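S.K.: One structure follows; several queries about it will come next.
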Amino acid sequence: MVKERNNAVVATVVLVGLLVLHCKMVEAVTHVVGGESGWTYGVQTWPYKKKFKAGDTLVFNYSPKEHNVVSARKKEYDKCNPSYDSKVYNTGHDKIIVKKGENYFISGFKGQCASGLKLFVHAE
């Protein structure tokens, strides 16, 4: 009888855990970076007054012949200089899940970041 009760408690704990996980996943939102304009110059102001949460997805739409997206660190963002190990996206329809805290993205094409093709998003 004690074993059955323990099994019931374990099953309940697992079920509650799965429900919490499911609720967190349901809360995630997909954001199209830059709206209809997409990943292009002037996108730096796009996040203003928007709220982001860890687990949200950013969709970067652009022509891969004209741009790419580099997931950057703050120093790389500030200097517009990606490191050799930075993750580069180049499909033209990239989906990136934001992490809690600061998320930095720049264009890796020469001169584009310095001309304003970069984005900072803070996620709660």
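The values are calculated or read from the model by the stated rules, or taken from the named source; none is laboratory data. Quick caveat: nothing in here was measured; it's all calculated off a predicted structure. In case anyone asks, the SASA skips ligands and DNA or RNA and just uses the protein heavy atoms, side chains included. Shrake-Rupley method; radii C 1.70, N 1.55, O 1.52, S 1.80 Å.
S.K.: Could you give each residue of the range 96-110 its phi-based ³J(HN,Hα) in whole Hz, using Karplus coefficients 6.51, -1.76, 1.60 with θ = phi - 60°, and x for Gly or Pro?
M.R.: 10, 8, 7, 9, 5, x, 8, 10, 10, 9, 9, 7, x, 6, 3
S.K.: Suppose all protein chains stay in the model; what accessible area per residue would a 1.4 Å probe give for the range 29-124, in Å²?
M.R.: Details: 5720 Å² over 96 residues.
On a per-residue basis, the range 29-124 sits at 60 Å².
S.K.: Let me know the volume per residue of the alpha-carbon convex hull for the range 21-124, in Å³.
M.R.: Details: hull volume 10.6 nm³, N = 104.
Roughly 102 Å³ of hull volume per residue.
S.K.: Give, in nm to one decimal, the length gained when the segment between Phe120 and Ala28 is fully stretched (0.36 nm per residue of separation minus the Cα-Cα distance). Please list the in-between numbers first.
M.R.: Details: separation 92, 0.36 × 92 = 33.12 nm, distance 1.84 nm.
So the extension gain works out to 31.3 nm.
S.K.: Given a 1.4 angstrom probe, I'd like the percentage of the accessible area of the range 52-92 that is carbon and sulfur, rounded to a whole number. The partial results should precede the final answer.
M.R.: Numbers: 1160 of 2410 Å².
Carbon-and-sulfur percentage of accessible area, whole number: 48.
S.K.: Based on a Kirkwood Rh over C-alpha pairs, give the Stokes-Einstein translational diffusion coefficient of the range 30-78 at 4 °C and viscosity 1.567 mPa s in µm²/s.
M.R.: Numbers: Rh = 12.1 Å.
Calculated translational D: 107 µm²/s.
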